[in-house]
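K.L.:
One structure, pasted below without further comment.
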Amino acid sequence: MVQRVRGVVAREKGAPVTIETVLVPEPGPGEALVAIQACGVCHTDLHYREGGINDEFPFLLGHEAAGVVEAVGDGVTDVAAGDYVILNWRAVCGQCRACRRGRPQYCFDTHNATQQMTLEDGTVLSPALGIGAFVEKTLVASGQCTKVDPAAPATAAGLLGCGVMAGLGAAMNTGGVSRGDSVAVIGCGGVGNAAVMGARLAGATRIIGIDIDDRKLGWATEFGATHTVNSREQDPVAAVRELTGGFGADVVIDAVGQPETYRQAFYARDLAGTVVLVGVPAPDTTIELPLIDVFGRGGALKSSWYGDCLPSRDFPMLIDLYLQGRLDLDRFVSETIALDGIEDAFAKMHRGEVLRSVVVF
Ligand SMILES: NC(=O)c1ccc[n+]([C@@H]2O[C@H](COP(=O)([O-])OP(=O)(O)OC[C@H]3O[C@@H](n4cnc5c(N)ncnc54)[C@H](O)[C@@H]3O)[C@@H](O)[C@H]2O)c1
Ligand SMILES: [Zn+2]
Ligand SMILES: [Zn+2]
């Protein structure tokens, strides 16, 4: 039976989101229907509503969520009704050239539900990142559900579904931060502060948080930054060099994704260091760098999709760390809100007042 539920829809570019009735089909083969318990508001949702990702309006927003599987379709064996899961937006296929070579975190053919969710008039919705979770129930591919310990509340667990995982993974997976490294993180919002936390967990001894907003820098200190730099007041490249014996950081993470911040990351890293781009750039931006510097500085320029995470490996592990008190996910939750609070949450995000607003159902 098709379910009628309430969900948050961005109908057209730049227009405020609205709450609509969403029609969700019964799960077919390989699909799961999930009752959402909590879903964080991520900057990517705002990018969608501003038309910054693509033009496939209307979007069903929300993608950073945890909930309980209500029903599964034929052939689904990895999860069952009643399972407590975190949703992920990169359900690996197991068959593409990346998966076959044992690098599923780069899977080039990730799965989403086959059937579509629609508005009452039949208009097909584009679910944000193939999830769509600002809605009471959503339809996903079963591989998008990762079972975790239900002792972790959904407000915290759901954060691993996107931004916090992206930041933790940018440091721990893509950046390969290890004991004794120096790390700089540009942009200390939800993603950047998760990178700070990941760097600390991985054993970095010098962690420099960089932002243009002092409030964010205060939070970065709470998450484990040993030093902070306001890049409106101080040249961040010079500051990072000064804090690292004149050399630059081993790993610099750009959690903003603008040409300016990428250039800073490029020059704030030590020779043979690593730059990780985890902030999502606007489609029309470009960057020019002296090729001799690209060569001469050595090291690696990497991008991080979803923190190069493997949900089946990383989500249960991180939830265990959370339950042991070693990963304070609750600190990211600035406020819990209702489904009608998304526009306010976007405004607060824009003003820099929150790390994460989390919709609770
Ligand atoms: N790669 C991925 O898989 C992935 C996943 C989730 C989010 N993201 C992206 O990560 C980025 C950050 O997301 P978020 O949720 O943390 O957003 P956010 O709005 O919470 O944080 C952005 C931070 O950057 C700071 N900032 C803005 N301009 C700056 C500048 N010029 N220099 C220094 N700091 C600056 C802001 O003050 C803010 O603290 C977004 O682009 C988002 O789309 C990427
Ligand atoms: Zn694959
Ligand atoms: Zn996100």
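K.L.:
Test each condition in (1) touching a residue at least 40 places away in the same chain (Cβ under 8 Å); (2) within 16 Å of ligand 1 (Cβ to nearest atom) for Glu136 and report the one that comes out false.
P.N.:
(2)
K.L.:
Across the range 307-319, what is the total count of residues that are out of contact with any Leu (no Cβ under 9 Å at 6 or more places or on another chain) and assigned to a helix (DSSP H, G or I)?
P.N.:
5
K.L.:
Sticking with this structure for a sec: Determine whether Ala128 is in contact (Cβ under 8 Å) with a residue 40 or more places away in the chain and within 16 Å of ligand 1 (Cβ to nearest atom).
P.N.:
yes
K.L.:
Return yes when Thr44 is among the β-branched types (Val, Ile, Thr) and within 16 Å of ligand 1 (Cβ to nearest atom) and no when it is not.
P.N.:
yes
K.L.:
Still on this structure, I have one more. Given the options Phe332, Phe315, Phe346, Phe361, name the one that is at pLDDT 95 or above and within 30 Å of Gly248 (Cβ to Cβ).
P.N.:
Phe332
K.L.:
Looking at (1) more than 18 Å from Leu139 (Cα to Cα); (2) within 16 Å of ligand 2 (Cβ to nearest atom); (3) not aromatic (Phe, Trp, Tyr), find the lone condition where His47 falls short.
P.N.:
Failing condition for His47: (2).
K.L.:
Residues of the range 52-88 being surrounded by fewer than 24 Cβ atoms within 10 Å (Cβ to Cβ) and within 14 Å of ligand 1 (Cβ to nearest atom), which ones?
P.N.:
Gly52, Ile53, Asn54, listed by residue number.
K.L.:
Right, next: Taking only pairs six or more apart or across chains, which ones have beta-carbon atoms under 7 Å, a first residue in the range 245-261 that is under 15 Å from Gly187 (Cβ atoms), and a second residue that is within 16 Å of ligand 1 (Cβ to nearest atom) and among the polar types (S, T, N, Q)?
P.N.:
Every condition considered, the pairs that remain are Val251/Thr274; Asp254/Thr261; Gln258/Thr285; Pro259/Thr285.
K.L.:
Report whether or not Ser178 is in the same structural domain as Val252 (by TED's automatic domain parsing), surrounded by fewer than 21 Cβ atoms within 10 Å (Cβ to Cβ) and of a type in the set (Ser, Thr, Tyr).
P.N.:
Against the criterion (in the same structural domain as Val252 (by TED's automatic domain parsing), surrounded by fewer than 21 Cβ atoms within 10 Å (Cβ to Cβ) and of a type in the set (Ser, Thr, Tyr)), Ser178 qualifies.
K.L.:
Another question about this same structure. For a quick check of your reading of the model, give me the residue pairs whose first member lies in the range 151-173 and is more than 10 Å from ligand 1 (Cβ to nearest atom), whose second is in a helix (DSSP H, G or I) and at pLDDT below 95, with beta-carbon atoms closer than 8 Å and at least 6 apart or on different chains.
P.N.:
What qualifies is Leu159/Gly190; Asn173/Gln105.
K.L.:
Quick check on this structure: which one of Gly94, Gly82, Gly52, Gly73 is modelled with pLDDT under 95 and either more than 16 Å from ligand 3 (Cβ to nearest atom) or outside the structural domain of Ile19 (by TED's automatic domain parsing) (or both)?
P.N.:
It is Gly94.
K.L.:
Only one residue in Ala133, Ala156, Ala184 is within 17 Å of Asp45 (Cα to Cα) and crowded, with 23+ Cβ neighbours inside 10 Å. Which one?
P.N.:
Sole residue among the options that is within 17 Å of Asp45 (Cα to Cα) and crowded, with 23+ Cβ neighbours inside 10 Å: Ala133.
The values are calculated or read from the model by the stated rules, or taken from the named source; none is laboratory data. This one's a predicted model, so the numbers in the text were calculated from it and none came from an experiment. Ideal geometry is used to build each Cβ from the backbone, glycine not excepted, and the neighbour counts take in all protein chains shown.
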